[in-house]
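Novice: Just passing along the structure, written as structure tokens.
The values are calculated or read from the model by the stated rules, or taken from the named source; none is laboratory data. Remember, predicted model here, so these are calculated numbers, not experimental data. Please note: Cβ atoms are built from the backbone with ideal geometry, for glycine as well, and neighbour counts cover all protein chains shown. Accessible surface areas use protein heavy atoms only, side chains included; no ligands, DNA or RNA. Shrake-Rupley method; radii C 1.70, N 1.55, O 1.52, S 1.80 Å.
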Amino acid sequence: MQQASIALDPAFTIAPVSRRTFGSFVEHLGRCVYTGIYEPEHPTADPDGFRGDVLALTRELGVSTVRYPGGNFVSGYRWEDGIGPRAERPVRRELAWHTTETNEVGIDEFVAWCRRAGVEPMMAVNLGTRGVAEALDLLEYANHPDGTHLSQRRIAGGAVEPHDIRMWCLGNEMDGSWQIGNKNAVEYGRLAAQTARAMRMSDPDLELVVCGSSGAGMPTFGSWEAEVLTETYDVVDYISLHAYYEEHDGDLGSFLASTVDMERFIRSVVATADHVGAKLKNHKRIQLSFDEWNVWYMSRELNQGPRVGWPRAPRQLEDIYHVADAVVVGSMLICLLRNSDRVTAACQAQLVNVIAPIMTEPGGPAWRQTIFHPFAQASTLARGEVLRVEPRVAAYETARHGPAPLVDAVATHDPESGDVTVFAVSRATTEPVTLRIDTHAFPGGLVPGDCTVLADPDVYAVNTAAEPDRVRPRPHPGVTAGDGAIEVVLPPVSWNVLRLQAPPAG
Ligand code: AHR
């Protein structure tokens, strides 16, 4: 059996766990909004039309922040279409996803939903077809308390209290040829800087996210970040990163190693941002907002050919996730946590139905996809400080990402409760791996508490409406405690959560 080891030391801290690492994303795309979060005819709907079952699962998922309204959707969006009496809202063609948008849900409904779900709204402005003026209008509408034309329109619509949205994205994926109104780095950088400067005149404390490349594979990746940050460094707080992974041609080994690529991506953006800061002699550190990440079988989507017709809330991007997908999502969470010194915000894309942890049937049930579980466990149990653990373990060769360690892990330590949680994935596909956890650095050591594993003899097993709990974390059968160490047998292709505590006194 392969052996792996990590050492836990409360002194080896990376950064505090940022709650915003556990963000999600609601886009007007497919059935994310309509028959996802909102379905007035649904038996569980509340008086505002929000599905109660989806709200409950969102709370259970432990989502902190939710980005809205896109995504590609935002680059053609007129925010004012979604305010005022519903009967008067225009129905429009939506070009990014080739659908009909009814505008039944707009900013006020979204913020009301956020309050009910207990999450922080994160709003994107349209810098595709629009610019500074419309961003300022939206900001005034959303956040100005009272006494101006736009704030009074909000109040007239029933939202008496300002929405007080703190985090704002300056457009979406503006380098992408698929993006409505896409731009080159200088065009976008200048527009983003002008918009940010003007928004700060309204409220200097906003937290602003400038668009990085829409992916590390873009031909302009690196130079885009450098040019855009050169224009915007002093007026933004975050630069965005987006990454999606999928299994290609049955190459499970490469797929499981996706975070080798994700880690490189993060390091490259940190290096580029710091380089720009050095050139500008600006000591501020730009934070990273990984505001779209997930497993997405995008190649299936691209193979479908051009969309025809203008359907309302069609089934789009409804990937069904299996065990290996959940393990990759778990490893992405490990990667985000490990980089908590710079990645202080992240959004899994998306929340419901569209490449999502939560699935629904119109008029029917809502259930947890496999990828729900690693997210919910990490968001619930990652507390306090992130600890640096350096797994000592053999690597295997992958076709797409080079060598990848068989095991990846991170730990968090809550100094108040003394609890430690280890999150570990095994990328081994056939054999179990024994992970030895050295706890000597904790006075009195640590003993295992609740420990779970998500694995299955069939790594392609899924959850469905008929069998919603086929794949879920189960009590870990392979944990033993010894002298100053804990040993865990990690099954092949597994996500493991190990809760460790100080031993009982005496
Ligand atoms: O999340 C789906 C899409 O992926 C988003 O609309 C876009 O920003 C990205 O390309």
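Novice: Of the conditions (1) in a loop (DSSP other than H, G, I, E, B); (2) in contact with a strand residue (DSSP E or B) (Cβ under 9 Å, 6 or more places away or on another chain), Met123 satisfies every one except a single condition; which number is it?
Specialist: Failed condition: (1).
Novice: Still on this structure: Taking region 259-276 as the region of interest, how many residues are open to solvent by 10 Å² or more (accessible area, probe 1.4 Å) and within 17 Å of the chain's Cα centre (by Cα)? Give the steps one after another, and end with the answer.
Specialist: The initial filter retains those residues of region 259-276 that are open to solvent by 10 Å² or more (accessible area, probe 1.4 Å), namely 260-261, 263-264, 267-268, 270-272, 274-275.
The next check asks that each one be within 17 Å of the chain's Cα centre (by Cα); those that pass are 261, 263.
Qualifying residue count, region 259-276: 2.
Novice: Identify, from the list Leu127, Leu150, the residue that is within 27 Å of the chain's Cα centre (by Cα) and open to solvent by less than 50 Å² (accessible area, probe 1.4 Å).
Specialist: Step by step, each of Leu127, Leu150 is checked, and only Leu127 is within 27 Å of the chain's Cα centre (by Cα) and open to solvent by less than 50 Å² (accessible area, probe 1.4 Å).
Novice: For region 43-62, which residues satisfy the criterion of being part of a loop (DSSP other than H, G, I, E, B) and either open to solvent by less than 10 Å² (accessible area, probe 1.4 Å) or acidic (Asp, Glu) (or both)? Don't jump to the end; show me each part of the working.
Specialist: Filtering region 43-62 down to residues part of a loop (DSSP other than H, G, I, E, B) leaves 43-44, 46-49, 62.
Correct list: Asp46, Asp48, Gly49.
Novice: Something else now. For Asp456, which of the numbered conditions (1) among the acidic types (Asp, Glu); (2) surrounded by fewer than 16 Cβ atoms within 10 Å (Cβ to Cβ); (3) not in a strand (DSSP E or B) fails to hold?
Specialist: (2) is the only condition that Asp456 fails.
Novice: Could you list, in sequence order, the residues of region 295-318 that are on the phi < 0 side of the Ramachandran plot and within 13 Å of the ligand (Cβ to nearest atom)? Reasoning before the result, please.
Specialist: Here is the first cut: in region 295-318, the ones on the phi < 0 side of the Ramachandran plot are 295-304, 306-308, 310-312, 314-316, 318.
Val295, Trp296, Tyr297, Met298, Glu301, Leu302, Gln316, Glu318 - these are the residues of region 295-318 that are on the phi < 0 side of the Ramachandran plot and within 13 Å of the ligand (Cβ to nearest atom).
Novice: Here are the criteria: (1) more than 20 Å from Asn172 (Cβ to Cβ); (2) touching a Leu at 6+ places or on another chain (Cβ under 9 Å); (3) open to solvent by less than 10 Å² (accessible area, probe 1.4 Å). Tell me which single one Asp291 does not satisfy.
Specialist: Against the list (1) more than 20 Å from Asn172 (Cβ to Cβ); (2) touching a Leu at 6+ places or on another chain (Cβ under 9 Å); (3) open to solvent by less than 10 Å² (accessible area, probe 1.4 Å), Asp291 comes up short only on (1).
Novice: Follow-up question, since we're still on this one. Those residues that are over 10 Å from the mean Cα position of the chain (by Cα), more than 16 Å from the ligand (Cβ to nearest atom) and either at pLDDT below 95 or assigned to a helix (DSSP H, G or I) (or both), I need them from region 319-355; list them, please.
Specialist: Residues satisfying the conditions are Val323, Ala324, Ala326, Val327, Val328, Gly330, Ser331, Ile334, Cys335, Leu337, Arg338.
Novice: State whether the residues of region 152-171 include one that is in contact with a Gly (Cβ under 8 Å, 6 or more places away or on another chain) and within 16 Å of Glu27 (Cβ to Cβ).
Specialist: For region 152-171, residues in contact with a Gly (Cβ under 8 Å, 6 or more places away or on another chain) and within 16 Å of Glu27 (Cβ to Cβ): present.
Novice: Then there is this: Quick check on region 63-90: of everything there that is part of a loop (DSSP other than H, G, I, E, B) and more than 20 Å from Arg153 (Cβ to Cβ), which residue is farthest from the ligand (Cβ to nearest atom)?
Specialist: If we filter region 63-90 for residues that are part of a loop (DSSP other than H, G, I, E, B), which is where we start, we get 63-64, 69-71, 77-78, 83-85, 89-90.
With the extra rule that they be more than 20 Å from Arg153 (Cβ to Cβ), the set shrinks to 63-64, 70-71.
Numbers: Val63: 16, Ser64: 18, Gly70: 5, Gly71: 3 Å.
So the residue we want is Ser64.
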